[in-house]
1. Could you tell me whether the range 395-402 includes any residue that is assigned by TED's automatic domain parsing to the domain that holds residue 209, surrounded by fewer than 18 Cβ atoms within 10 Å (Cβ to Cβ), within 20 Å of residue 288 (Cα to Cα) and in contact (Cβ under 8 Å) with a residue 40 or more places away in the chain?
2. Among the residues in the range 71-91, are any under 27 Å from residue 181 (Cα atoms), surrounded by fewer than 16 Cβ atoms within 10 Å (Cβ to Cβ) and touching a residue at least 40 places away in the same chain (Cβ under 8 Å)?
3. Which of the residues that make up the range 458-483 are aliphatic (A, V, I, L, M) and closer than 26 Å to residue 132 by Cβ?
4. Give me a count of the residues in the range 422-438 that are part of a helix (DSSP H, G or I), touching a strand residue (DSSP E or B) at 6+ places or on another chain (Cβ under 7 Å) and over 14 Å from residue 296 (Cα atoms).
5. Starting from residues that are modelled with pLDDT of 90 or more and part of a loop (DSSP other than H, G, I, E, B), keep the ones in the range 234-248 and report whichever is farthest from the chain's Cα centre (by Cα).
6. Scan 278, 369 and give me the residue that is farther than 21 Å from residue 121 by Cα and touching a residue at least 12 places away in the same chain (Cβ under 8 Å).
7. Any idea how many residues of the range 369-394 are more than 11 Å from residue 268 (Cβ to Cβ) and either assigned to a helix (DSSP H, G or I) or under 18 Å from the mean Cα position of the chain (by Cα) (or both)?
Amino acid sequence: MKKKQKAEAEKQKPGKNRQTPEKAGLTLSEKKRLAELKRALAGNSKEQAKPDTAQKTITFKKMYRDGICQVADRYYTKMVEFFDINYDLLEVEDQADILEEYSKLINYFDPSIKFQLFLFNRQVSEQALAEQFDIPLQADDFDDIRDEYTHMLKHQSAKGNNGIIKSKYLIFGVESAGYREAKSKLGNIEKDVVRNLNNIGTNARGLDGKERLRILHEYFNQGTMEPFRFSFKELSESGKSVKDYIAPPGFDFRYPSRFKSGSIYGSVSYLDMIAPKFTDEMVKKLLDIDDNLTLTMHMQTIDPVEAIKMIKRALTDIQKMKIEEQKKAVRSGYDMDILPTDIVTYEKDTLELLDDLNTSNQKLIKMTFLITCYGRTKRELENLTQRVSGIIQQANCNLRCLQYLQEQGLMASAPIGCNEVGIERNLTTKSAAVLVPFCTQELFMPAPAIYYGLNALSNNMIMADRKRLRTPNGVILGTPGSGKSFSAKREILSCFLITKDDIIVCDPEGEARQEVA
């Protein structure tokens, strides 16, 4: 008994044989790994931090004088403006030729080039519109007639939509290691793009940095329509950023389906393309809306080999679905050749798409179609959105609002060249080319210009100065009694009232002399 108690006492004494608990803690390698994770998490949280100023919301880093914009560390874009053509007035054969040339322009861009179509409708201020019709007085006996003529022109302008400026731009971008490499790549692409646009029949030109900033200023400040005042010389002296000149007073993205840029409301939606086929009427009808509206189409071609592999994988999945349905039919005692309509249609469309990619000059294109509506009040914004939705529903498509993605949608709609929306649809070249951006060519020059009538399609005024046109000569043709003489006399009167040019009338028949007498 004493031996047992002694043994237990020995166990309770601290000694070498007693098992002590292991020391809690991390090894050196585990501590290093934990430090790396903390640094990585800190970097991610810094990158994902929400911008606290309007300038930080605008997603580009630098704008160079020559028009090259650095959007990201290795991504640079360039911008080209092109002008409208009378697409609607052409015959069907001529329209087909334009679609073919437009398809060549789309196919020109390889998978390494992202490109964006930016169609911009915006209102000008009433004061700026009125100034375009002001006829300068000449301190003679006809100034009262000039005043009356000015009022007539302003009254006539109210019948059309000359207060809406409609512009069309093409932005393209490439990945580059630096500015010099990007300048070389984008310069060559710009020459080819301008040449392809000229083949379509439209004039095109590259934009420099100041012109791109002016368009961004008009895009972000549609509520105020303030004039753009900027120069790169003042920028270097002031120490400001280019974003300080284009940013609105503020952005408001608190609501899931709309935003506020300065004093104007806006909403970004995307086109849900569910129609099997498109027509060239949808884009035309959208551009005919006389309100602040932007249409943005982001496109990027897929490598032909990768596209064919992707279609073949989809075809393999369809074949697998067919086999499973046939097995179910056999087990249920039905005819195995009777398949669901969806599978049959899906297989037929996939085989046609594969045939187009293999045999014809077609490419597979990833497209994001964004539509941004604006209104000075919430009611105006809702009315415009309903009008746009009605046009899109006529084309058997749907207009889907970018819920909780208004900030990303606004920047993707801007003429910058970035797209972080993440909503894409695969189209072939011919399907993308049907969304042709051409409608009706307008001829409207600010004063001093002569009034020639109304455009029969758009109902806009035709104002032109012959001296500023490519060809100043003109011929008046028409049937007897259609008003050729009256048109010539009206132009003579306009030249007399608006300009100080000398007017020489060659009248072999003596008609003008008889009227003066």
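The values are calculated or read from the model by the stated rules, or taken from the named source; none is laboratory data. What you see is a predicted model; the values in this text were computed from it and never measured. Cβ: placed from backbone, ideal geometry, glycine included. Neighbour counts: every protein chain shown.
1. Yes, some residue in the range 395-402 is assigned by TED's automatic domain parsing to the domain that holds residue 209, surrounded by fewer than 18 Cβ atoms within 10 Å (Cβ to Cβ), within 20 Å of residue 288 (Cα to Cα) and in contact (Cβ under 8 Å) with a residue 40 or more places away in the chain.
2. Our first condition is that a residue be under 27 Å from residue 181 (Cα atoms); within the range 71-91, this holds for 71-82.
Checking the rest, the ones that are also surrounded by fewer than 16 Cβ atoms within 10 Å (Cβ to Cβ) come to 72-74.
Still in the running and touching a residue at least 40 places away in the same chain (Cβ under 8 Å): 72, 74.
Yes; the residues of the range 71-91 include at least one that is under 27 Å from residue 181 (Cα atoms), surrounded by fewer than 16 Cβ atoms within 10 Å (Cβ to Cβ) and touching a residue at least 40 places away in the same chain (Cβ under 8 Å).
3. Taking the range 458-483 as the starting set, the residues that turn out to be aliphatic (A, V, I, L, M) are 461-464, 469, 475-477.
Passing the criteria: 461, 462, 463, 464, 469, 476.
4. Of the range 422-438, the ones part of a helix (DSSP H, G or I) are 429-434.
Then drop every residue that is not touching a strand residue (DSSP E or B) at 6+ places or on another chain (Cβ under 7 Å), which leaves 429, 432.
Pick out the ones that are also over 14 Å from residue 296 (Cα atoms) and you get 429.
Residues meeting the conditions: 1.
5. Filtering the range 234-248 for residues modelled with pLDDT of 90 or more gives 242-248.
Checking which are part of a loop (DSSP other than H, G, I, E, B) leaves us with 242, 247-248.
Numbers: 242: 21, 247: 19, 248: 19 Å.
Only one residue tops the list, namely 242.
6. Values: 369 fails: farther than 21 Å from residue 121 by Cα.
The conditions single out 278.
7. 17
Quick grid of which residues meet (1) of a type in the set (D, E, K, R); (2) modelled with pLDDT of 95 or more:
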site: 159; (1), (2): yes, no
site: 163; (1), (2): no, no
site: 167; (1), (2): no, no
site: 170; (1), (2): no, yes
site: 192; (1), (2): yes, yes
site: 198; (1), (2): no, no
site: 201; (1), (2): no, no
